[in-house]
Amino acid sequence: MSQPVQLLNYVGGQWQRSSAGHALQINNPATAQALATVPISPAAEVDAAVQTAAKAFGEWRMTPVGDRIQPLFRFKNLLEEHLDEIARIITDECGKTYAESAGEMRRGIENVEVACGAPILMQGRNNEDIARGIDEHMIRQPLGVVAAITPFNFPGMIPLWFMPYALATGNCFILKPSEKVSMTSQRLFELLDQAGFPPGVVQLVNGGKETVDALLDHPQVRAISFVGSTPVAKYVYSRATANGKRAQCQGGAKNPVVIMPDADMATAARIMADSAFGCAGQRCLAASVAITVGEARHPFTELMADQAANRKVGYGLDEGVQMGPVITAESKQRIEGLIGKGEQEGATVLVDGRHRAAGGFEDGYWVFPTILDGVNPGGEIARTEIFGPVLSLMHAGGVEEAIEMVNNRAYGNMACIFTTSGAVARQFRYAADAGNVGINIGVAAPMAYFPFSGWNESFFGDLHAQAHHGVEFYTQTKVVIERWPREWSRQF
Ligand code: NAD
């Protein structure tokens, strides 16, 4: 069998092989077959990319915004043209189904479209005559060199939460993608190369912790965008801000969903199955805990168990498959361990997805849909992000108790409710301690023209990804106060 190819960095408009002595292997999680290797680029290569970006910045920021968005329009067209091919790469290296991969690319493309509105989005403000004959203007200027560090679970979409806004507002951008899924980034950068950005404006540096640390410590990197687990998000936020950088760091999640007794149970269970088991539960907006209220308990539990037991699990490019594998063998082991922990804490494993394999893919990293019933609200499983296809069921007597359970956790990425009562929906929307709220929605993912609003331990920073927040994050405001008395100028 041929050796897997080593992925390249893209620096100064050129593809470069890293000098790294260390490379990691990317495996197809459905087959465990090696697809490629990823270099852990050392600090010297990060420095070279940052220096190149800093040089390119002078010319790029002077390029009119209407011209800066032209390569983004071309990039959007290239993404559309190659959507099928990119979706297949995502499925192969990340494990999700083809429909999920195509869906994430659609969400990514939306961000490119929104960022093409930069001529309006980055406009400033002004007031004439703040005092007689004196005017005041607020201008938005780009920061310089900015970088993003992204996770494994959305290899196509998450880089696009940041890159288009950074570029359209006049910054030079460096991506350090997840070392588990770097093939997608390589393909995105081949398209960025074709789109015609000037050399050094957009660059790719593969790697891991060593590479991230070099970006966090580099004095010429002005801003860091991060998405990943909470411990790493906290670490990146602390180190970047201690070094005087702007930072927006999105972390992990444990998303609760309340099922009221008046909800349409069949619809709620169907939507919840997509939320909890879609992308094998490896979504930061996956439903992780369902809290049934009063009489909702028995019908919902029965319907959910049915949904879990009948979900078709397999290789994401095969017809009819509804759920793929988890990302690595270690991840499978960790998730199965947590299911066992839930059992030890008193939960019943109503549907058990451990120790199973999709037919014909015995070497893959499989965890089938799992339901833990009667999870102890004070236990470890109620608090821990499992990041796998495991739904915990908890029960509450009334809506107040359910809201208390929703708010009694460290994270704040998403909270949802299923109900037919407008009053209960409003009460929930008002009180839920989460940045993204869904009413009769299973995955409350904001469109590209709204901020992705995680709260609490799910987000460290002020300005979120996407839309106006992205534009504000990547620009600094300059306020100019000016006086031009007529008597000072030559008389014409
Ligand atoms: P991760 O934290 O392991 O890795 C994320 C990135 O950080 C990768 O690029 C990785 O190379 C880098 N990294 C890892 N350890 C590091 C360290 N010690 N020092 C410096 N850099 C390090 O996350 P993951 O497993 O790739 O992704 C899954 C996590 O991401 C889950 O917790 C999920 O909830 C979260 N996530 C959150 C959102 C959100 O919007 N809040 C979206 C997607 C994923």
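Readers should treat all values here as calculations from the given coordinates under stated rules, not as data from a laboratory. It should be emphasised that the depicted structure is a prediction, and the values quoted were computed from it without experimental measurement. Methodologically, a virtual Cβ is constructed for each residue, glycine included, from the backbone with ideal geometry; neighbour enumeration extends over all protein chains shown.
About its Cα centre, the range 255-439 has a charge dipole of approximately 300 debye under the convention of +1 per Lys or Arg Cβ and -1 per Asp or Glu Cβ, with nothing else charged. The dipole here belongs to the chain: it is taken about the Cα centre, uses +1 on the Cβ of Lys and Arg and -1 on the Cβ of Asp and Glu, and is about 1180 debye. Across the range 224-282, Cα-Cα pairs more than 12 Å apart make up 72 percent of the total. Any number yet on Rg/Rh for the range 69-139, C-alpha, Kirkwood? Here the Rg-to-Rh quotient is 1.36. Bridges between two residues of the range 107-232, per DSSP, are antiparallel at a rate of about 25%.
Distances between placed amide hydrogens fall under 5 Å for ASN27 paired with LEU35, all partners being 5 or more residues away or on another chain.
Extension gain ASP135-TYR430, at 0.36 nm per residue separation less the Cα-Cα distance, in nm?
Numbers: separation 295, 0.36 × 295 = 106.20 nm, distance 4.06 nm.
Using 0.36 nm per residue and subtracting the Cα-Cα distance, I get 102.1 nm.
Contact order for the chain, expressed relative to its length and based on alpha carbon pairs under 8 Å spaced 6+ residues apart, stands at 18 percent. Bridges between two residues of the range 255-439, per DSSP, are antiparallel at a rate of about 10%. Listed by chain and number, the aspartates and glutamates placed with their C-alpha closer than 20 angstrom to that of LYS234 are GLU179, GLU210, ASP213, ASP217, GLU385, ASP433, GLU457, ASP462; residues fewer than eight positions away on the same chain are left out. Remark: the GLN3-ASN440 segment gains 152.5 nm on full extension, using 0.36 nm per residue and subtracting the alpha carbon distance. For the range 65-81, 3J(HN,Hα) computed residue by residue from phi via the Karplus equation (6.51, -1.76, 1.60; θ = phi - 60°) reads 4, x, 7, 5, 7, 4, x, 5, 4, 5, 4, 4, 5, 5, 5, 4, 4 Hz, glycine and proline entered as x. Gain on full extension, evaluated as 0.36 nm per residue between LYS209 and PHE450 minus their Cα-Cα distance, stands at 83.7 nm.
What fraction of the Cα pairs in the range 255-439, stated in percent, has a spacing above 29 angstrom? Pairs farther apart than 29 Å: 17 percent. Cross-link pairs exceeding 28 Å between alpha carbons, from the set LYS76/LYS312; LYS176/LYS312; LYS96/LYS176: LYS76/LYS312; LYS176/LYS312.
3J(HN,Hα) couplings calculated from phi for the range 173-188 with the Karplus curve 6.51 cos²θ - 1.76 cosθ + 1.60 (θ = phi - 60°) are, in sequence order, 10, 10, 9, 10, x, 4, 6, 8, 9, 7, 5, 4, 4, 4, 5, 4 Hz; Gly and Pro show x. Of the two radii for the range 226-343, the radius of gyration is 1.07 times the Kirkwood radius, both from the alpha carbons; that is the Rg over Rh value. Only residues of the range 291-331 count here: report those whose backbone N is under 11 Å from the spot 7 Å along Cα→Cβ of ALA32, or say none. Correct set: 329-330.
Which of CYS416, CYS249 comes first, and how do the rest follow, when ranked by fewest Cβ neighbours within 10 Å?
CYS249, CYS416
Give me the percent relative contact order of the range 286-378, please, defined on Cα pairs under 8 angstrom at least 6 residues apart. The normalised contact order for the range 286-378 reaches 26 percent.
Here the dipole of the range 341-492 is about 820 debye; that uses its Cα centre as origin and unit charges on the Cβ of Lys and Arg (positive) and Asp and Glu (negative). Given q = 0.17, 0.27, 0.30 Å⁻¹, what are the Debye log10 I(q)/I(0) values for the range 86-126, with equal point scatterers placed on the Cα positions and solvent ignored? Summing over Cα pairs of the range 86-126 leads to -0.54, -0.82, -0.91. Expressed as a fraction of 2.2 N^0.38 Å, the C-alpha radius of gyration for the chain is 1.04. Around the amide H of ALA347, modelled in the peptide plane, lie the amide H atoms of ASN376, all under 5 Å away and 5 or more residues distant in sequence or on another chain. Centre-to-centre separation between the Cα atoms of the range 395-433 and those of the range 190-223: 41 Å. Between helix 297-309 and the chain there is an angle of about 80 degrees, using the helix long axis and the longest principal axis of the Cα atoms. Here the relative contact order of the range 255-439, from alpha carbon pairs under 8 Å that lie six or more residues apart, stands at 28 percent.
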